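One structure is given here, and the rest of the page talks about it.
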Amino acid sequence: LKEKDIKSIIKKIYDYNLSVRDTEKLAFKLVNMTSFIRFQQMKTAIHWVKQHQRDIYNKTKKYVNISTYLNYKLTGELVDTPAAVIGHYPLEYRTGKWYSHHSIKYGVFDIKESTYCTLKKPGEILGYLKQYILDILGIDYQIPLIGSGSDKSCESLGNGCIDETFASISYGTASTVTITSKKYVEPSPFLPAYTAAQNGYFNSELQIYRGYWMLNWFKDEFCKDEIKKYPNEHAFFDYLDQVIEKIPPGDDGLILQPYWGPCLERPNARGAILGFSERHDKYHIYRAIIEGIAYCLKEGFERIQKKENKKVKYLVCSGGGSTSDIVLQITADIFNLPVYRAPTTETSSLGAAIVGFMSLKRFSSYQEAKDSMVHYKKEFLPIKENHQLYQKLYEKVYLKMYKQLKNIDATLREFTNERF
């Protein structure tokens, strides 16, 4: 249900003389969003401060993102862009404005209107560097600070994903798939499309909180002695790539659900590995992680693309995982799309630079900026036979796992007394 539907429910049940807060709680319960709201509140730091540091909460004048604080230290202006204020904040990304206290979503975060910072559009000047900074740098003229966006929004732009024909995949600690569009498309109920670093656009995004972090988890838990044989982690992961390249697509029937950390839309979900037999060893688990993350991103990708009603033609992969050829080939095979390797390992910085050059009118369009600044290194094409195997597992096994396990996951979370 959309916000207008929830407001309608609230209006109907006011006759029961409940308080506003109790009424909102009941409304969220009626639309089965209680777990989602609880997850959001647990991740909103101000709730912890309010509960455990009441004196600090009462004295708080401004509650801002870390990027906003850095802008303040550089310019003296408490200002940011909606594209940079990503996370647990009462921000209406569709309009790029803060929620007022009249909005039902305002109470989810419980951040006072008086503590908001000023917002400007991506590409606008946020302020100018303070004089003492210019003195340290030995510069005798004003330097503007231009607002861009969050790491992922800049990464998507730096990957050259400037419209719906390209999708950006970040194989970082948190793994994401992002489609950039002028159309505001929420990936799932109550999960917003974020303001893009590319002014006038939105990022529809699905995130796996513990994404390629899981590769380090595997290394630490299964390969403590093995890694000692290699001069560095890069060489060790190259070795793992060589081993799993010998394992056939589909991992001999081993399939993984990659919820090793909390998931915003499925807060009860837990990780699972299905299909073990005597043929499997620890290297199958490693490949299952890579394939499982790709399955999960594909699920979100298909949901977003269906709402966008436009067909993505190419994927661009960045982040640490994108340095692996086998990872990108698996991605191409699972998605059945050509995959480009990002032009640099620092595409967030590249995206921020594109915003800066556009602000300074060095390019007439984002397409011109992309043509000048984004150059793909390598292309990976899907292998038909591999895709057919993956698609069968994806449809007949992976997509059914969460539905079959969600009640069990909730019981396990209750058993371990875990909070969202």
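The values are calculated or read from the model by the stated rules, or taken from the named source; none is laboratory data. Because the structure is a prediction, the values reported are computed rather than measured. Quick reminder, even Gly has a Cβ in these numbers, built from the backbone with ideal geometry, and neighbours come from all protein chains shown. Areas reflect the complete protein model, heavy atoms only, side chains present, ligands, DNA and RNA absent. Shrake-Rupley method; radii C 1.70, N 1.55, O 1.52, S 1.80 Å.
Figure legend. Inter-residue proximity from the stretch 84-105: first residues over 19 Å from Lys152 (Cα atoms), second residues assigned to a loop (DSSP other than H, G, I, E, B) and among the polar types (S, T, N, Q), beta-carbon distance below 8 Å, spacing 6+ or different chains. Indicated pairs: Pro90/Ser103.
Report yes if Ile104 is open to solvent by less than 20 Å² (accessible area, probe 1.4 Å), at pLDDT below 90, within 25 Å of the chain's Cα centre (by Cα) and of a type in the set (Val, Ile, Thr), otherwise no. For Ile104, the condition - open to solvent by less than 20 Å² (accessible area, probe 1.4 Å), at pLDDT below 90, within 25 Å of the chain's Cα centre (by Cα) and of a type in the set (Val, Ile, Thr) - is met.
In the set (1) open to solvent by 30 Å² or more (accessible area, probe 1.4 Å); (2) more than 24 Å from the chain's Cα centre (by Cα); (3) of a type in the set (D, E, K, R), the condition left unmet by Arg210 is number (2).
Listed by first and then second residue, the pairs with beta-carbon distance under 7 Å, at least 6 apart or on different chains, first residue in the stretch 48-59 and over 19 Å from His88 (Cα atoms), second surrounded by 10 or more Cβ atoms within 10 Å (Cβ to Cβ), are Ile56/Val49. Scanning the stretch 247-300 for residues that are out of contact with any Leu (no Cβ under 6 Å at 6 or more places or on another chain), closer than 15 Å to Thr331 by Cβ and assigned to a loop (DSSP other than H, G, I, E, B) yields one hit, Pro258.
Restricting attention to the stretch 63-101, the residues that are outside any helix (DSSP H, G or I), open to solvent by less than 90 Å² (accessible area, probe 1.4 Å) and at pLDDT 90 or above total 18. Selection within the stretch 153-175: residues that are surrounded by fewer than 24 Cβ atoms within 10 Å (Cβ to Cβ) and of a type outside the set (Gly, Ala, Ser). The member of this set that is nearest to the chain's Cα centre (by Cα) is Thr173.
Taking the stated definitions as given, is Arg419 among the charged types (D, E, K, R), at pLDDT below 95, part of a loop (DSSP other than H, G, I, E, B) and farther than 24 Å from Val177 by Cβ?
It is true that Arg419 is among the charged types (D, E, K, R), at pLDDT below 95, part of a loop (DSSP other than H, G, I, E, B) and farther than 24 Å from Val177 by Cβ.
Taking the stretch 350-404, which residues are open to solvent by less than 70 Å² (accessible area, probe 1.4 Å), out of contact with any helix residue (DSSP H, G or I) (no Cβ under 6 Å at 6 or more places or on another chain) and of a type in the set (S, T, N, Q)? The answer is Ser359, Ser365, Ser372, Gln391. The C-beta contact set for the stretch 214-228 (first residue at pLDDT 95 or above, second residue open to solvent by 20 Å² or more (accessible area, probe 1.4 Å) and not small (Gly, Ala, Ser), distance under 6 angstrom, 6+ apart or interchain) comprises Met214/Trp260; Phe222/Lys282.
Here the condition is being out of contact with any Lys or Arg (no Cβ under 7 Å at 6 or more places or on another chain), open to solvent by less than 20 Å² (accessible area, probe 1.4 Å) and among the hydrophobic types (A, V, I, L, M, F, W, C); of Ile255, Ile273, it holds for Ile255 alone. The set of residues in the stretch 252-311 being under 24 Å from Arg413 (Cβ atoms) and small (Gly, Ala, Ser) consists of Gly261, Ala269, Gly271, Ala272, Gly275, Ala288, Gly292, Gly300. Look at the stretch 145-168: where a residue is more than 14 Å from Ser349 (Cβ to Cβ) and hydroxyl-bearing (Ser, Thr, Tyr) and a partner is modelled with pLDDT of 95 or more and open to solvent by 10 Å² or more (accessible area, probe 1.4 Å), sitting 6+ places away or on another chain with Cβ atoms under 6 Å, you get Thr165/Lys313. Residue-level check: of (1) open to solvent by 70 Å² or more (accessible area, probe 1.4 Å); (2) of a type in the set (Asp, Glu); (3) closer than 30 Å to Ser153 by Cβ, Glu221 misses just (3). Taking the stated definitions as given, is Gly300 open to solvent by less than 10 Å² (accessible area, probe 1.4 Å) and at pLDDT below 95? Spelling it out, Gly300 is indeed open to solvent by less than 10 Å² (accessible area, probe 1.4 Å) and at pLDDT below 95.
May I ask you to verify whether Leu240 is within 15 Å of Phe222 (Cα to Cα), buried (at least 17 other Cβ atoms within 10 Å of the Cβ) and modelled with pLDDT of 95 or more? Here the answer is yes, as Leu240 does meet what is asked.
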